[in-house]
Amino acid sequence: MPDVSFTNLLVVAAVAGLAPLTVGYFPRLRIPAVVLEIIGGIIIGPSVLGWVHVDLPVSILALFGLAFLLFLAGLEIDVHRLRGQLLRYAVLGYLVSLVLGYGAGASFTAAGWVSQPLLVAIMLASTALGLVVPVLKDARQLRSEIGQTALAAASIADFTAIVLLSLFFSSSGGSTGSKIVVLGAFAGLVAVTGLAVSGAARSMRLGQVLIRLQDTTAEIRVRFAVLLLVAFTALAVRFGLESILGAFLAGAIVGLVDRDSASHPRFRTKLEAIGYGFLVPVFFVSSGVRLDLTGLLHSPSALVRVPVFLLALLVVRGLPALLRLRANGLKPTLALGFLQATSLPFIVAATQIGVMLGKITPVTAAALVCAGLLSVLIFPVLALTLLRHGEPEPEPEPAAAEAVPVREANVM
């Protein structure tokens, strides 16, 4: 056997277990578990106690945790809802966010904080889809007009941000033009694969085999989902794109094909158990371990970047919500703005890529992640308060209610 130590992974796993337990003991604090996971990683990492560093086992599991995080985010997207006015608002709102984000990024470049304003614009224009869902569920607004608008906006923001990051800031290098061609070829391959999977799903004989094996030790549906995730991730890297794009599209295809879960109601729960119960927390805790707070805390000029980035998040993603002011009213529009401005997982992933490519410094990356942490702590609570003052939607009948996977804060 190779000489590999699992001591660092043991400490990371302990933090991953204690974070949600702490949330459970103090529910009034309404702190998402992902925040405590990153903070716990900071505490055990070199910035504070120095107990843990990211070695080979932690690094591999964290990388696969990021892939699974994007896979589950893609799984939550319902492409059948992205149509009509909702789609137009989501696309227009994201374009406005990109323009505002680029303006903010140019200002930060002039101040010497970053070297690439487009990377900052992409990060500021992202939204955490996995945070939007539980907040709307808690307010009983998931199927309301404001709920559907928020979900559409978050879905477009998630997908477009990942595509733009792969096009302009892939770690594999290459020109943007060549990447557009490669992206088109990759999209064609994804579409063919999706059609093949969809056709296979309609096979009665295959369906009978899947039903027979799905709840045995074979766990055949889970195995095929993981196969698709690994295949798309490997293909994305092979095509010179970011691995997170392949993982996200794999989840989107599974979600598109798996619309009727009557014959396998526990399938998505099993996938969430693998991701949120094991792999995804390793990614967030290790992200906290990697976070360099030394320069941030020792320099007041660097520390001031945190509230500035937080304000930029609110402006870049919050202002486009005003496009729906006439249709939604004041309080729902403000809530929509806060929900759209909530972002953390994509910022964590993008800052790691930015530091690796030399586009942003570790201090700036730490400030951006801290701003994302604050957005998760503050904005959903404000949105929930505003939504609770509105008229809640009627609770659907249990038999007709659509199953919506809920995981607080650990999905993009």
Practice prompt. Calculate I(q)/I(0) for segment 196-260 by the Debye formula, one identical point scatterer on each C-alpha and no solvent, and give its log10 at q = 0.17, 0.25, 0.29 Å⁻¹ to two decimals.
Written response: -0.64, -1.06, -1.20
Worksheet item: List the trypsin sites (Lys or Arg not before Pro) in segment 52-93 that DSSP assigns to loop (not H, G, I, E or B) and whose Cβ has at most 14 other Cβ atoms within 10 Å. Which are they?
Response: Arg83
Practice prompt. Taking H placed 1.01 Å from N in the peptide plane, check which residues at least 5 places from Ile360 or on another chain put their amide H under 5 Å from its amide H.
Written response: Val355
Worksheet entry | Prolate/oblate/rounded label for the chain (Cα gyration tensor, a/c 1.5) | rounded
Fill in: HN-Hα J in Hz across segment 93-105 - Karplus 6.51, -1.76, 1.60, θ = phi - 60°, x for Gly and Pro
x, 5, 4, 4, 4, 5, 5, 4, x, 5, x, 5, x
Discussion item. If I compute solvent accessible area with a 1.4 Å probe over the protein chains, what percent of it on segment 259-384 is carbon and sulfur?
Written reply: 69
Worksheet entry | Charge-dipole axis of the chain as Lys and Arg at +1 and Asp and Glu at -1 on Cβ define it, positive-most pick from Ala62, Met356, Leu206 | Leu206
Practice prompt. Scale the Cα Rg of segment 28-124 by the rule-of-thumb value 2.2 N^0.38 Å and send over the ratio, two decimals.
Written response: 1.50
Practice prompt. Return the ratio Rg/(2.2 N^0.38 Å) for segment 257-326, where Rg is computed over Cα atoms only.
Written response: 1.84
Discussion item. At R0 = 51 Å, how high is the FRET efficiency between Ser198 and Ser301 if r is their beta carbon distance? Nearest 0.05 is fine.
Written reply: 0.40
Worksheet item: With every protein chain left in place, what is the accessible area per residue of segment 1-135 in square angstrom, probe 1.4 Å?
Response: 46
Practice prompt. Mind listing the long-range amide H neighbours of Leu344? Cut-off is under 5 Å, sequence gap 5 or more, other chains count too, H placed in the peptide plane at 1.01 Å from N.
Written response: Ala128
Item to complete: Let me have the 222 nm mean residue ellipticity of the chain computed from DSSP H runs of 4+ only, each contributing -39500 (n - 2.57), with the sum over all residues rounded to the nearest 500.
Response: -22500 deg cm²/dmol
Item to complete: Using only Cα atoms, figure out Rg for segment 259-400 and give it as a multiple of 2.2 N^0.38 Å.
Response: 1.32
Practice prompt. Return the sequence-ordered ³J(HN,Hα) values of segment 3-11 in whole Hz as given by the Karplus equation 6.51 cos²θ - 1.76 cosθ + 1.60 applied to θ = phi - 60°, using x for Gly and Pro.
Written response: 7, 10, 9, 10, 5, 4, 5, 4, 5
Worksheet entry | Amide H contacts under 5 Å for Val114, placed H, 5+ residues apart | Thr109
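The values are calculated or read from the model by the stated rules, or taken from the named source; none is laboratory data. Keep in mind that this is a model prediction, so the values were computed, not measured. As a convention, Cβ positions derive from the backbone with ideal geometry for all residues, glycine included, and neighbour counts pool all protein chains shown. The accessibility values were calculated without ligands, DNA or RNA, using every heavy atom of the protein model including side chains. Shrake-Rupley method; radii C 1.70, N 1.55, O 1.52, S 1.80 Å.
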